[in-house]
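Trainee: Below is one structure. I have some questions about it.
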């Protein structure tokens with residue numbers, strides 16, 4: 001059993017939730033962050049699946065889209081995707097079929113964690129897709145690089161309403177460049193990887209992919225020059241230096257929501273030199289309290305029943321607006337989801353880029369969030385943490401208010417938190433303006449006084 005000693009925490013930012021010590025816990029012996037290989041130069045580069053963006057984002061920033069190869073091998077074997085039962089007009093029959101499949105996915109995930117699944121780790125090539133938002137004209141000062149990692153089920157563009165508020169504010173003077181990440185089965189990356197994705201997923205692979213990008217592909221300087229659609233592999237000496245010394249010409253701030261926040265933490269625990277600070281938006285970081293598959297199975301079932309096709313984007317938007325789930329979103333963010341989360345299908349309509357099956361496979365991994373909870377206590381205290389958590393009456397964070405109050409102090413040194421009371425778990429979707437204001441407040445407090453000479 002472990003317990004964290006009481007510590008004195010001092011940061012320059014106030015916290016909504018006062019300090020709460022971590023309860024005693026039994027270690028789950030987090031699995032090691034296994035090394036990865038970069039693909040060789042003979043990897044065939046696929047085209048971008050959507051028309052590449054190379055356009056003004058606002059008066060001061062340009063947005064472009066790029067692909068980077070994910071590392072190999074994957075942590076999971078290459079197994080077939082689960083087959084969703086054919087649609088049945090008998091609602092009871094369909095519900096039973098979906099529930100059975102969700103349970104089978106959960107059992108297969110548990111078998112994998114226990115080492116019972118077998119099979120060689122997949123070597124199939126996969127790609128991550130990223131958007132880059134870069135300042136058109138540099139003022140000669142060294143500014144910040146922001147790295148945004150999305151929640152399960154959303155494309156990289158889901159951040160753009162938040163970014164429009166953030167990059168049109170005074171805080172933009174501190175920001176040279178923003179990178180918006182897309183995991184292998186999300187958005188445009190899902191379209192590129194469609195034929196090579198496995199029927200099982202491990203959250204640590206998204207963390208490994210993030211670290212791989214930051215170590216081997218993020219360009220040295222946040223210059224205003226254009227980059228190719230497929231980013232170039234950096235020389236090995238630069239990548240090796242970054243592991244211990246960090247970036248020579250960047251200060252990186254990670255912003256991670258839900259699944260993306262959990263993945264970012266796992267990357268930072270293993271490569272702390274890469275990160276200056278982290279803004280964690282209700283990350284799925286959950287203490288292990290004994291195994292129960294109920295939560296994962298219910299989330300998998302919900303993903304498997306999600307509607308995937310519409311006659312047009314106009315129909316999809318109209319129906320989304322009428323639903324309680326999407327109706328709570330900021331209208332601009334909902335339009336982004338319809339524009340960038342959907343693509344044309346073979347029948348002349350539109351469909352989700354990320355299928356419900358892949359969303360369910362991400363939900364099925366329960367152990368990643370438990371490992372991140374334990375590992376968070378080991379995160380380098382140099383990396384300042386700012387937690388942004390929900391405060392709606394019916395939604396006060398992953399696993400509820402009490403769990404949230406403990407989670408935000410899991411790594412108490414150099415940490416603070418704030419509650420956004422207008423939003424539930426989907427803060428970027430529901431309250432992007434308030435989120436941008438909180439990000440601005442953190443960046444200005446931490447970096448503004450240093451901006452002229454020390455960034």
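Quick note: the coordinates plus some simple rules give every number you see, no bench work behind them. On a predicted model such as this, the values are computed, not experimentally measured, just so you know. Please note: Cβ atoms are built from the backbone with ideal geometry, for glycine as well, and neighbour counts cover all protein chains shown.
Trainee: Measure out, as a whole number of angstrom, how far apart the alpha-carbon centroids of region 334-413 and region 31-69 sit.
Mentor: Distance between centres, Cα-based: 22 Å.
Trainee: Follow-up. With the crude spin-label approximation of a point 7 Å out along Cα→Cβ, what separation in nm comes out for residue 289 versus residue 60?
Mentor: 4.4 nm
Trainee: Oh, and also: Evaluate the relative contact order of region 309-354 (contact order divided by residue number), counting alpha-carbon pairs under 8 angstrom at least 6 apart; express in whole percent.
Mentor: Details: 39 pairs, mean separation 21.3, N = 46.
Reported as a whole number, the value is 46 percent.
Trainee: Let me ask something else. Counting pairwise Cα distances across region 59-137, what percent come out greater than 14 angstrom? Before the final figure, lay out each step's value.
Mentor: Values: 2332 of 3081 pairs.
Within region 59-137, distances greater than 14 Å cover 76 percent of Cα pairs.
Trainee: Same structure again: If you average 1/r across every pair of different Cα atoms in region 248-398 and take the reciprocal, what Kirkwood value do you get, in Å? Let's see the in-between values first.
Mentor: Details: mean 1/r = 0.0565 Å⁻¹.
Here the Kirkwood hydrodynamic radius works out to 17.7 Å.
Trainee: I'd like the distance separating the alpha-carbon centroids of region 170-219 and region 96-111, in whole Å.
Mentor: Region 170-219 and region 96-111 have Cα centres spaced 27 Å from each other.
Trainee: Where the convex hull is taken over the Cα atoms of the chain, what is its projected area averaged over directions, in nm²? Intermediate results must be reported in sequence, preceding the final value.
Mentor: Values: hull surface 85.1 nm².
Orientation-averaged projected area of the Cα hull: 21.3 nm².
Trainee: What does the extension gain come out to for residue 306 and residue 111, with contour length at 0.36 nm per residue minus their alpha carbon separation? Spell out each step's value before the answer.
Mentor: Values: separation 195, 0.36 × 195 = 70.20 nm, distance 2.58 nm.
Result for the pair: 67.6 nm of gain on full extension.
Trainee: Cα extents of region 309-354 along the three principal axes, largest first, in whole Å?
Mentor: Cα extents, longest axis first: 31, 17, 15 Å.
Trainee: Okay, next question. Label residue 53 and residue 441 with points 7 Å out from Cα along Cα→Cβ: what is the distance between them in nm?
Mentor: Each label point lies 7 Å from its Cα, and together they span 2.8 nm.
Trainee: How large is the Kirkwood hydrodynamic radius of region 314-404, in angstrom, based on all distinct alpha carbon pairs?
Mentor: Details: mean 1/r = 0.0595 Å⁻¹.
Its Kirkwood hydrodynamic radius stands at 16.8 Å.
Trainee: How large are Rg and Dmax for region 53-196 when only the alpha carbon atoms are used, in Å?
Mentor: Expressed in Å, the Cα Rg and Dmax of region 53-196 come to 20.6, 65.
Trainee: Tell me, how many Å apart are the Cα centres for region 133-152 and for region 239-301?
Mentor: Each part's Cα centre sits 19 Å from the other's.
Trainee: If I take R0 = 41 Å and measure r between the Cβ atoms of residue 24 and residue 346 in this structure, what FRET efficiency does the formula 1/(1 + (r/R0)^6) give, to the nearest 0.05?
Mentor: Working: r = 55 Å, r/R0 = 1.34.
Efficiency computed from Cβ-Cβ geometry: 0.15.
Trainee: So what's Rg/Rh here for region 51-96, counting alpha carbon atoms and using the Kirkwood radius for Rh? Walk me through the intermediate numbers first.
Mentor: On the way: Rg = 21.4 Å, Rh = 16.2 Å.
My calculation puts Rg/Rh at 1.32.
Trainee: Would you mind giving the average projected area, over all directions, of the Cα convex hull of region 221-276 in nm² with one decimal? Please list the in-between numbers first.
Mentor: Numbers: hull surface 19.4 nm².
Projected over every direction and averaged, the Cα hull of region 221-276 covers 4.8 nm².
Trainee: Could you list the residues of region 432-446 with an amide nitrogen less than 13 Å from a label point located 7 Å from the Cα of residue 173 in the Cα-to-C-beta direction?
Mentor: 444-445
Trainee: Need the full-extension length gain, residue 123 to residue 245, defined as separation in residues times 0.36 nm minus the C-alpha distance. One decimal, nm.
Mentor: On the way: separation 122, 0.36 × 122 = 43.92 nm, distance 3.00 nm.
Value of the extension gain: 40.9 nm.
Trainee: Which value in deg cm²/dmol, rounded to the nearest 500, describes the helix-derived mean residue ellipticity at 222 nm for the chain, given -39,500 (n - 2.57) per DSSP H run of n ≥ 4 and division by the residue count? Don't skip to the answer; put the middle values down first.
Mentor: Details: 15 runs with 154 residues, N = 455.
Mean residue ellipticity, 222 nm, calculated: -10000 deg cm²/dmol.
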